1. Taking strands (runs of 3 or more DSSP E) that fall entirely within the range 83-186, which contain at least 3 residues that are in contact (Cβ under 8 Å) with a residue 60 or more places away in the chain and surrounded by 17 or more Cβ atoms within 10 Å (Cβ to Cβ)?
2. Given the structure, is Ser249 more than 26 Å from Leu465 (Cα to Cα), out of contact with any strand residue (DSSP E or B) (no Cβ under 7 Å at 6 or more places or on another chain), among the hydroxyl-bearing types (Ser, Thr, Tyr) and assigned to a helix (DSSP H, G or I)?
3. Quick check, is Leu269 at pLDDT 85 or above, surrounded by fewer than 19 Cβ atoms within 10 Å (Cβ to Cβ) and not in a helix (DSSP H, G or I)?
4. For residues in the range 210-229 being basic (Lys, Arg) and free of Cβ contacts under 8 Å to residues at least 60 places away in the same chain, which is surrounded by the fewest Cβ atoms within 10 Å (Cβ to Cβ)?
5. Is there any pair linking a residue in the range 230-252 that is touching a residue at least 60 places away in the same chain (Cβ under 8 Å) to one that is among the β-branched types (Val, Ile, Thr), with Cβ under 7 Å and at least six apart or on different chains, and which?
6. Just to be sure before I move on: is Val228 at pLDDT 90 or above and in a helix (DSSP H, G or I) in the structure I sent?
7. For the range 56-77, does any single residue satisfy the condition of being surrounded by 12 or more Cβ atoms within 10 Å (Cβ to Cβ), out of contact with any Phe, Trp or Tyr (no Cβ under 8 Å at 6 or more places or on another chain) and among the small types (Gly, Ala, Ser)?
8. Can we say Leu475 is surrounded by fewer than 19 Cβ atoms within 10 Å (Cβ to Cβ) and either out of contact with any Gly (no Cβ under 7 Å at 6 or more places or on another chain) or under 30 Å from Lys279 (Cα atoms) (or both)?
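The values are calculated or read from the model by the stated rules, or taken from the named source; none is laboratory data. The structure displayed is predicted, hence computed values, not measured ones. Using ideal geometry, Cβ is built from the backbone for each residue, glycine included, and neighbour counts are taken over all protein chains shown.
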Amino acid sequence: MRYLLTFLFIAAVATAHAQTVYTLENIIDRAQAQSPAAKRAETLKENLYWQYRSYRSNYNPQLRLSGSAPDYNLDYFSNRLDDGTIVFQSREQINSYVNLGVEQPLKWTGGTISVNSNLSHFKDIQRDLTQYNTTLFNVLLEQPLFGFNSLRWDNRTEPLRFEESKRSYVEEMESISSVAVDRFFAYLSAQINLQIAQFNLANNDTIYKIEQGRYNIGTTSKDKLLQVELQLLRSREDVAEAQLDMETSRLLLRTYIGLSGDESIQLVLPDYIPEFEVKLGEALEYARQNRADYIAFERRKLEAQREVAQARANRFQTNLRASYGSNNASSDVDNLYIDPNNQVRANITFDIPILDWGRNKSRMRTAIANQRLVDYTIAQDEQTFEQEILTQVRQFDVLRTRLEITKKSDEVAQERYTVAQNRYLIGKIDITNLNIAQTEKDDAKRAYISALQAFWSAYFNLRRLTLYDFEANKLLYTHE
């Protein structure tokens with residue numbers, strides 16, 4: 001019956017309390033704005049953003065102020081005299097120190113260069129002795145030689161990780177849309193199943209009364225009357241079961257979209273189906289350009305290369321430390337800055353294992369093996385991902401065709417049931433044929449709802465896989 005669904009929706013609205021009507025678009029918008037999953041995705045996005053900001057700060061100069069003021073010390077210490085005798089003497093001293101420096105990491109070499117200025121103060125209270133020492137300025141270079149440069153590798157991997165996180169956020173929002181579609185149709189199916197069950201109950205009750213009247217006048221048998229009564233009892237059971245299913249799916253939907261309170265939800269069957277063509281080649285190209293997975297493939301390869309470079313650099317350690325500046329010492333602060341002395345320091349430290357029983361070789365071989373494993377895994381992941389897109393594109397065309405067929409089948413089944421019902425009332429067919437028409441009507445309606453759900457789930461899944469809106473012909477993610 002053409003107006004059956006509209007009638008049932010109006011009847012449900014009339015009996016509802018504080019009821020709000022939602023479309024599929026309303027549910028998706030609310031899920032993306034209010035659902036716990038959306039808030040989690042937003043929080044994760046913010047967390048990764050600040051991680052990226054922290055990484056960027058590693059390359060910026062830092063102004064540091066450090067020191068101790070004061071460091072008071074009162075104790076006894078051992079003092080060895082010229083004749084070798086050890087005596088214990090008391091001391092009471094105050095030390096103070098302050099340093100102001102600017103430090104700049106060197107991205108391409110992995111070292112650091114800094115400019116410092118410091119002032120030290122020493123006072124021996126017992127001897128009434130005061131001394132000052134200052135480094136007016138000091139330029140210090142600390143540079144690993146042939147070492148692992150984490151700054152250079154971070155500069156290659158961290159921007160990819162940040163870009164990956166931004167694309168993952170858009171993908172997560174599309175996944176939220178897909179889940180919202182499933183919850184929407186689960187509740188909508190439960191509503192429609194309840195409406196069908198209530199409609200069938202009312203019809204079967206009427207049919208039972210008609211069949212009872214026929215039995216009383218002798219135009220039907222006891223067997224047929226009992227068959228109708230059994231159908232009536234089943235209809236009551238179907239209504240009770242449908243009510244339970246609707247409450248369960250209603251709770252799942254409300255929980256997912258973050259809806260609180262006692263507000264009742266009424267869903268509207270989506271009658272708009274977007275018309276667009278999805279070409280496999282275009283879908284694959286959009287996926288390669290936009291998906292976080294393809295950024296992750298590149299990042300994982302770089303991280304494997306990083307492990308090899310780190311294992312190679314850790315075979316031995318050599319560091320250069322060189323500084324140039326001027327300093328002075330005096331018992332008077334005013335004299336510190338008069339005719340200061342040059343201060344030049346340089347040293348190279350090294351740590352080279354002579355015999356390590358194959359430890360370095362094992363680390364290198366392990367890193368190289370892990371790199372090969374990552375390459376093989378990524379190659380397999382790329383094939384799997386492309387196969388997923390291929391399957392989704394082909395399924396999408398099939399689902400659209402299925403949707404058209406089930407929609408037409410629903411209309412035909414509704415019309416057939418109306419005809420069968422009229423023929424039963426005038427005695428042209430028996431109750432068995434009417435029940436068959438009713439079952440086909442109900443199954444056709446459920447098949448249509450199932451096809452709608454499969455289509456919209458595939459629609460948002462395709463958007464997630466490609467980060468492209470084929471209906472509006474626009475990217476869902478744009479590089480900022």
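1. 129-145
2. Answer is yes for this residue.
3. So Leu269 passes the test.
4. Checked the range 210-229; the qualifying residue surrounded by the fewest Cβ atoms within 10 Å (Cβ to Cβ) is Lys222.
5. Close Cβ pairs satisfying both conditions: Arg250/Ile265.
6. no
7. The answer is no, given that none of the residues of the range 56-77 is surrounded by 12 or more Cβ atoms within 10 Å (Cβ to Cβ), out of contact with any Phe, Trp or Tyr (no Cβ under 8 Å at 6 or more places or on another chain) and among the small types (Gly, Ala, Ser).
8. It is true that Leu475 is surrounded by fewer than 19 Cβ atoms within 10 Å (Cβ to Cβ) and either out of contact with any Gly (no Cβ under 7 Å at 6 or more places or on another chain) or under 30 Å from Lys279 (Cα atoms) (or both).
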